[in-house]
Amino acid sequence: MTLALIALTPFLGALLPALMIRTGRNACAVTAGGVTLFALILLLVEAPAVWRGEVLLQRVDWMPGLGLNATFMLDGLGLFFAGLILGIGLLVILYARFYLDRDDPMGRFYSYLLLFQGAMVGIVLSDNVLMLLIFWELTSLSSFLLIGYWRHAPEGRQGARMALAVTGMGGLAMIGGMLILGDIAGSYDLSVILTKGEAIQASPLYLPALLLILLGCFTKSAQFPFHFWLPHAMAAPTPVSAYLHSATMVKAGIFLMARLWPALSGTPEWFYIVSTTGLVTMVIAAVIALFKDDLKALLAFSTVSHLGLITMLLGFGTPMAATAAVFHILNHATFKAALFMSAGIVDHAAHTRDIRRLGGLRRLMPATFWVATIAALSMAGAPLLNGFLSKEMMLEEAVHTPWLGLGWPIPLLATVGALFSAAYSFRLIGHVFLGPQRDDYPAAPHDPGPGLLAAPALLVAGVVAIGLAPAMVAGGLVNLVADAVTGGAAEPVKLKIWHGLTLALAMSAVALVGGYLLLARYADAVARWRRAGVFAAKPVFDALIALLAALAERGTSALHAGTLPRALGALCVALLAMGFAGWGEGALAGSRETLTPPLIALAPWALLIGTCLAAARMHHDRLMMVLLTSVVGLVVSLGFVYLSAPDLALTQISVEVVTTVLMLLALNFLPKDSPDETGPMLRTAQAGLALVAGLGAAALSYAVMTRDGPTISEFHVAQSYPGGGGTNVVNVILVDFRGFDTFGEIIVLAIAALGIYALLDGALRGPSLGRVISWVPDQERSKDRHPMMLVVATRFLLPVSLVVGLFILLRGHNQPGGGFIAGLVVAIALVMQYVASGYAWTAQRRPMDHHGMIGLGVLVAGLTGAGAWLADRPFLTSAYGYVTLPPLEKFELATAMAFDLGVFLTVVGAVLLALENLSRVARFAEQPGPDEPMDVDPSAEPRTAQEKG
Amino acid sequence: MNHWIIAPIVLPALVAPLIVLALRYDLLLQRVASLAACAGLLGLAVGLIAMAGEGPPQAYLLGDWPAPFGIVLVLDRLSAMMVLLTALLGLGVAGYAAGSGWDTRGRHFHALLQFQLMGLCGAFLTGDLFNLFVFFEVLLIASYGLMLHGGGAARLKAGVHYIVANLAGSTLFLFAVGAIYAATGTLNMADLAVKAGSATAENADLLRVGGLLLLAVFALKAALVPLHFWLPTAYAAAPAPSAALFAVMTKVGAYSVLRVYTLIFGAEAGSSAWLAADWLIPAALVTLAVGAVGVLGARRLGALVCFSVVASMGTVMAGVGLFTERSAAAAMFYMAHSTLAAAALFLIVELVSERRTRGDRIAPAPQMRHGELVGGFFMVAAIAMAGLPPLGGFLGKLMVLDAARADPAVWWIWAVVLTGSLVMVVGFARAGSVLFWRVEGEPAEGLSKPANAPLWATGAALAALAALTVWAGPVTGYMEAAAAQLHAPQDYVDAVLGAQTVAARALP
């Protein structure tokens, strides 16, 4: 499990610094360092085996179905990178301890840093490309957090977002690339993919896969034209720049190109895309770097340039170039990290990174001077330092690599790049440390303590050591890694300082001398550069994102404005489209024999159509709409009567009564007419759409009604009495065959009533209560609030209605009726009491709270259903029997009756709760007046709006 | 007869009226009952997962009537999984509502919550098309109540839109069921699966139209463009715990499509075979695009989260619409993941808006209390929702992309899913860096000290996301088996139509 543990250690350890910061900054840094060291030791334990040429593999199944497994591999390349990441990580942790201010939240810093470290180690140790993708995106995310570490700084936030957007884009493209690659190779495991190079390159999907993967690599490694995010990532604290944005994360793209080198390289596509991109990046970034005044920006563009160099070498596709690339990765990591740390030291000491405000620091900061100068000379490619060696190898390769058949472009441009590289390196030394001492530094520069200097000094020691004794210090490692990169194709090279008088040496000399001369005429060069007017990427990127966001906002709000008519319109259009598309070729009319409508049926039909037309015409008048809607309901109940469905007719008519009463009560508080919602054009369009949708609904109904076939209801008719114990099929369906539906529907009713209560109760609390109280009735109130005739009539009718209700409830199983209708009938009788005698009078006399009635109803119905479990029957299984109870005749008792009782209670409770709440609002809204029945007071003046207001 | 199958419906259906009847004056007892019921539901759901994993689907004949004449419930891996998801969310929401005091801001929260859970479980368990309609109604009306909980003009206004759009959907459901019944004479889904294949030419047209209308209903529930208009306003206005629960509501639509269009309109349905396939992929991709663009353009965190939910439905439905075993498993995984992610995000909206002087507006404001922690939560939830590694959103997307490989629309799907992710990443990063990093002005005095319970609830949701990621292997293994079950409809049909009643009934 060691390999997995190496990758996992930083992740688990990331928790510790955030906790240890409570004991102090040293403890925090030591923990972070300890975690890194532990991982490094684990790595070194495995190293000897790799050194012997073994490839270590470990596999933990994660999502085998997808082919995504936690498979880890350690070979030379992985060892090299992991060592680099953990080793430099250790130095950066040391450096950061002394770099960060007392005010900076250090725990968070180290936690993020360790998260990043884990992700990075994960990338280089992954054997599974899908898991590699996961770690890949994690580096983007942790880099986002680290760049934005100083949250108060806008550059930090913007730089973080830009880095995330660019590298995130690359990462997403790479997902596509890896999926294709895995598909071609038949596995997502690198150990398999790397052996399938020929199959991959022969596949028609090679090019798309290559492009998508390279997009990921290029964005991550800041290759042109995606290089622009990296300089803005320098808003991060310097340790982060040294670690992520020079030594490790930006090398992830390069790592991946090296990793996939055996599978992808060697084709013309690879050569032209990769090496050209690298070459262009190298030259352009080197030129830009020369003219940057911010020390970190200079280093950032130089990093881009060197990454371009390495990319180009990998693009050449030859084993020797790959070896050079590996060597330069090592060298660049050492000198560039040292340079970033030195820049941080200068920034710390002088409180500025602006080269124009620096100079002459040599005597003030001698130790820093030496560290930075050696590193910069190595970067320039000066002999006896490691940068020289790998640059020589690069130039050597460039010399014999033709481009489109031409021999000169690559060597020429490579020399130009090297020249500019030398120039900016010299500028760093010359304009920061050399020259006359100044007296206007923002702060007094001084060498830092050993804590800050230790890390860069160690790195520089490495720079010199490799430079002086390359074969001894780095030779074995470079060969081992190159072997892993090329899949064994690389010849072992002997790294040496002196290769004899070669063309490469001449080019190197030209670059160094040219660089020096260029710097000597720097003022001239700057003037020319200014005149050329360079294209800055950040404003463009920012403007692009801002534009996209603005367009997104504009588009979204335009699409979602005034949504209700639009939503219904969209629904209608979608339905029509689907309906027409679904129908096919067949005729609309089915084969069922049609009936001739008798004359009497035509009258309600005409009434129905007339009502609908009137509703369309008069829809502004809400009162009229309520009435017209109830006419529709009445016609429907007539239809049910005509078609011999008394249960349905009874239900329909009682529902109509109840809803109309409730609607009128609610309408009391609403404006009595509705405004014109839309202009004439839109209204015409909507009317047209409504018409077509209506015709569609009619066509569908016609199609439904002209078809006939066997249905399950034949069973219901046949089984109603023998199976369900009732002769009223409708009721047996409701309480037995499909009692579960009824159970659901009474719950709907219960919820609706509770919802009305909750809604209106809310209206009587808080600010809306004020609105209710100050509400002015817009219609004149009758003086006769409780008409005597009505009071008398309803009180007389109440017991009669209750008996009728009970009768309907009891007989429901066999005759038209049932709990639902009974509930409505009783509810109407009680509603009439409220209407006639007033709220207070009736409320005093109600036997039970309506909430309770609803709860009891649902509970009774539910428990009746559950009672069947006692007999080990499924929920809602009914039982019935016949009882003789003198002096009555023999009668039937069925569990369905208990269920129906539940239905009955729920219906009554729900209707009355709704009514009660509307009345409650009314009692707050209307002025408290006489609220006793038969309280006619003809002498009272009609109350008008003016009086109340 | 395995009575446990109906228990997830009956338990909340009995606890809710009990709360209304006996506990309505005591909030503490309501909380205890509600939380206990949710915990019980979770236990039941785990049990059902175990039962469903044992083998073929199991039918429960309500009222002891033989299928297809009565109503049946059916337990299979998919329905058990959805019930589990519901139960998890329900427990979290009940805890959150009690801990944050949301349940004191209006009436009957716990009763409505229990009814809502009953509706959800019912919709996932039923094997009857009309019964599904009934549960859709329960869901709709209960969610309307929960959405308006706490009152306020904005909520009422958004609520009107929500209820009208969804009532239109309900009406449409009746049309669709009517057409399907006219064409086949049955409502039982298993029976429909049999009858759909043997429909006469005359009835086949009607069946197809019915099936497509039904698809529109489910698409409305799943907030697929252009039927998504109700979602952003409604969910943004809903109270946090309700919105968190609603994260599973859109999945009812996705679940129904997955169920109905593999079982009834699957391979064996003759001229209606794979009826939904042509429509879903384009709609899903447009939905993803609209959602992602909405995320980028949002000015309030609430709106941003709503659009991210729309986008996530696009991804889910892309998986559903491919109608292969692999894609169904992918859709299920993404569905589970995005439900939890959306719930967490809705809770975070609340955490943010009650701690900032400028509410959830994406604009600089003074430092908020717990800013560090809430910001961390947001980052994790955003990673999850945008589908970045390492959380399940990435795995789910990877599964969808992988499943799309064989489809002719593969390039479209890949392009839209990946670009959509990028746009969402940019949108989330913009919002997050402004909300949590761009601190301006002095800390506000006026805000009341927020409760800690919501932090715990959010943490729990994120922990669930992490668990889903870590155990993605076994979870996807279960889902692959569920998808295999879905694509072997004959087992479902046999389980339902072959189910024996307890009592010997004299059948015609």
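The values are calculated or read from the model by the stated rules, or taken from the named source; none is laboratory data. All of these numbers come straight from a predicted model, not from anything done at the bench. As a convention, Cβ positions derive from the backbone with ideal geometry for all residues, glycine included, and neighbour counts pool all protein chains shown.
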Within the stretch A:644-680, take every residue that is among the charged types (D, E, K, R) and touching a Lys or Arg at 6+ places or on another chain (Cβ under 7 Å) and give me the one that is nearest to A:LEU830 (Cα to Cα). A:LYS672
Among the candidates B:ALA453, B:ALA429, B:ALA406, B:ALA488, single out the residue that is in contact with a Lys or Arg (Cβ under 6 Å, 6 or more places away or on another chain) and at pLDDT below 95. B:ALA429
Condition test on A:GLY76, is it under 30 Å from A:TRP150 (Cβ atoms) and among the small types (Gly, Ala, Ser)? no
Based on this model, can you work out whether A:SER837 counts as of a type outside the set (Lys, Arg) and surrounded by 14 or more Cβ atoms within 10 Å (Cβ to Cβ)? yes
The condition of being outside any helix (DSSP H, G or I), within 14 Å of another protein chain (Cβ to nearest Cβ) and among the β-branched types (Val, Ile, Thr) holds, among A:THR711, A:THR678, A:THR727, only for A:THR711
Just checking: which of the helices (runs of 4 or more DSSP H) contained wholly in the stretch B:446-508 hold 2 or more residues that are within 10 Å of chain A (Cβ to nearest Cβ), surrounded by 15 or more Cβ atoms within 10 Å (Cβ to Cβ) and in contact with a Gly (Cβ under 6 Å, 6 or more places away or on another chain)? B:472-486
Is it the case that the stretch A:225-236 has a residue that's over 19 Å from A:ILE288 (Cβ atoms) and assigned to a helix (DSSP H, G or I)? no
Residue match in the stretch B:294-301 (condition: buried (at least 24 other Cβ atoms within 10 Å of the Cβ) and more than 10 Å from every other protein chain (Cβ to nearest Cβ)): yes
Does at least one position in the stretch A:490-497 carry a residue that is among the acidic types (Asp, Glu), surrounded by fewer than 23 Cβ atoms within 10 Å (Cβ to Cβ) and modelled with pLDDT of 85 or more? no
Considering only residues of the stretch A:260-297 that are of a type in the set (D, E, K, R) and in contact with a strand residue (DSSP E or B) (Cβ under 9 Å, 6 or more places away or on another chain), which is surrounded by the most Cβ atoms within 10 Å (Cβ to Cβ)? A:ASP294
Restricting the search to the stretch A:714-724, which residues are more than 22 Å from B:LYS195 (Cβ to Cβ) and either surrounded by 19 or more Cβ atoms within 10 Å (Cβ to Cβ) or within 11 Å of chain B (Cβ to nearest Cβ) (or both)? A:SER720, A:PRO722, A:GLY723, A:GLY724
Within the stretch A:588-614, take every residue that is in contact (Cβ under 8 Å) with a residue 60 or more places away in the chain and of a type in the set (Ser, Thr, Tyr) and give me the one that is surrounded by the fewest Cβ atoms within 10 Å (Cβ to Cβ). A:THR594
For B:ALA431, the lone unmet condition from (1) touching a helix residue (DSSP H, G or I) at 6+ places or on another chain (Cβ under 6 Å); (2) surrounded by fewer than 15 Cβ atoms within 10 Å (Cβ to Cβ); (3) within 14 Å of chain A (Cβ to nearest Cβ) is (2)
Among the helices (runs of 4 or more DSSP H) lying completely within the stretch B:169-239, list those that include at least 1 residues that are at the interface with chain A (Cβ under 9 Å from one of its Cβ atoms), closer than 20 Å to B:TYR255 by Cα and within 17 Å of the chain's Cα centre (by Cα). B:201-221, B:230-237
What helices (runs of 4 or more DSSP H), lying completely within the stretch A:385-487, carry at least 3 residues that are in the same structural domain as A:ALA520 (by TED's automatic domain parsing) and of a type in the set (Phe, Trp, Tyr)? A:409-428
Take the stretch B:360-381 and flag every residue that is over 21 Å from B:GLU442 (Cβ atoms) and either within 19 Å of the chain's Cα centre (by Cα) or not in a helix (DSSP H, G or I) (or both). B:ALA381
Qualifying positions in the stretch A:141-163 - at the interface with chain B (Cβ under 8 Å from one of its Cβ atoms) and either polar (S, T, N, Q) or within 14 Å of B:GLY387 (Cβ to Cβ) (or both): A:LEU141
Within the stretch A:375-384, how many residues turn out to be surrounded by fewer than 24 Cβ atoms within 10 Å (Cβ to Cβ) and at negative phi? 2
Quick one: which of A:THR276, A:THR248, A:THR219 is more than 26 Å from A:MET320 (Cβ to Cβ) and in contact (Cβ under 8 Å) with a residue 12 or more places away in the chain? A:THR219
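Mind checking which residues of the stretch B:46-82 are small (Gly, Ala, Ser), surrounded by fewer than 24 Cβ atoms within 10 Å (Cβ to Cβ) and over 16 Å from B:PRO489 (Cα atoms)?
B:GLY47, B:ALA50, B:GLY53
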Qualifying residues in the stretch B:394-428 (those that are assigned to a helix (DSSP H, G or I) and of a type in the set (D, E, K, R)) - the one nearest to the other protein chains (Cβ to nearest Cβ): B:ASP402
I need a count of the residues in the stretch B:123-143 that are at the interface with another protein chain (Cβ under 7 Å from one of its Cβ atoms) and surrounded by 24 or more Cβ atoms within 10 Å (Cβ to Cβ). 6
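Per-residue answers, yes or no, for (1) in a helix (DSSP H, G or I); (2) within 60 Å of the chain's Cα centre (by Cα); (3) within 14 Å of another protein chain (Cβ to nearest Cβ):
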{"residue": "A:ALA758", "(1), (2), (3)": "yes, yes, yes"}
{"residue": "A:ARG765", "(1), (2), (3)": "no, yes, yes"}
{"residue": "A:LEU769", "(1), (2), (3)": "yes, yes, yes"}
{"residue": "A:TRP775", "(1), (2), (3)": "no, yes, no"}
{"residue": "A:SER782", "(1), (2), (3)": "no, yes, no"}
{"residue": "A:VAL791", "(1), (2), (3)": "yes, no, no"}
{"residue": "A:PHE796", "(1), (2), (3)": "yes, no, no"}
{"residue": "A:SER801", "(1), (2), (3)": "yes, yes, no"}
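For every residue, the table says whether it meets (1) in contact (Cβ under 8 Å) with a residue 24 or more places away in the chain; (2) closer than 22 Å to A:ARG622 by Cβ; (3) not in a helix (DSSP H, G or I).
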| residue | (1), (2), (3) |
| --- | --- |
| A:ALA666 | yes, yes, no |
| A:PHE669 | yes, yes, yes |
| A:ARG683 | no, yes, no |
| A:ALA693 | yes, no, no |
| A:GLY696 | yes, no, no |
| A:ALA699 | yes, no, no |
| A:VAL704 | no, no, no |
| A:ARG707 | yes, no, yes |
Pairs returned, first residue in the stretch A:862-873 that is more than 7 Å from every other protein chain (Cβ to nearest Cβ), second residue that is among the polar types (S, T, N, Q) and assigned to a helix (DSSP H, G or I), beta-carbon separation under 6 angstrom, 6 or more apart or interchain, are A:THR864/A:THR895
B:LEU258, sole failed condition from (1) surrounded by 24 or more Cβ atoms within 10 Å (Cβ to Cβ); (2) hydrophobic (A, V, I, L, M, F, W, C); (3) touching a Phe, Trp or Tyr at 6+ places or on another chain (Cβ under 8 Å); (4) part of a helix (DSSP H, G or I): (3)
